[in-house]
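A.B. asks: Take a look at the following structure, please.
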Amino acid sequence: MSELEMLKNSAEEDTKSSMGDKYETSREMINLEKGKIAEQLTHVDKMLLIVLALDPSQACDKGELGALMMTSNGIYYLATSIGNVTLGDQQIFVISPVSPLGRVLLDKKEGDTLDFRGKTSVINSIL
């Protein structure tokens, strides 16, 4: 059973007690939780649309959405903020182009240097 279904059932099963305020407070807390879950679901849907719109067969020559960038400090894939992904023995940081590091990587080309939080790195290649 999903969290939304459990919250709906909880709201339906909640009965008014002699303390009407308790009933209203409980229902309001359930509604707040439902709102948070709905917001999270909307965010996940947006992330999914971004990922589905990427065309991995299209090569990138600069930092842009869909670029896989190998730097001297790590490998970054500009897509959506998923976090670290391990492929074989490679660790890839999947980040959003609007994240702080993503904004630094945007429009960078092979051979460019970048400074981020006191670290300097070189872009070795972009796929």
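The rows are residues; the columns are (1) of a type in the set (S, T, N, Q); (2) out of contact with any Lys or Arg (no Cβ under 7 Å at 6 or more places or on another chain); (3) modelled with pLDDT under 95.
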site	(1), (2), (3)
Cys60	no, yes, yes
Thr71	yes, yes, no
Leu87	no, yes, yes
Phe93	no, yes, no
Asp107	no, no, no
Gly111	no, yes, no
Arg117	no, yes, yes
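A.B. asks: Which of the residues that make up the stretch 74-101 are farther than 18 Å from Pro56 by Cα and either surrounded by 14 or more Cβ atoms within 10 Å (Cβ to Cβ) or among the hydroxyl-bearing types (Ser, Thr, Tyr) (or both)?
C.D. replies: Within the stretch 74-101, Gly74, Ser99, Leu101 qualify.
A.B. asks: Given (1) surrounded by 11 or more Cβ atoms within 10 Å (Cβ to Cβ); (2) assigned to a helix (DSSP H, G or I); (3) of a type outside the set (Lys, Arg), identify the lone condition not met by Leu49.
C.D. replies: (1)
A.B. asks: Can you name the strands (runs of 3 or more DSSP E) wholly within the stretch 60-127 that have at least 2 residues being within 29 Å of Asp45 (Cβ to Cβ)?
C.D. replies: Hits in the stretch 60-127: 68-71, 74-78, 83-87, 90-95.
The values are calculated or read from the model by the stated rules, or taken from the named source; none is laboratory data. Just so we're clear, the structure is a prediction, and the values are computed from it rather than from any experiment. Virtual Cβ from ideal backbone geometry, glycine too; neighbours counted across all protein chains shown.
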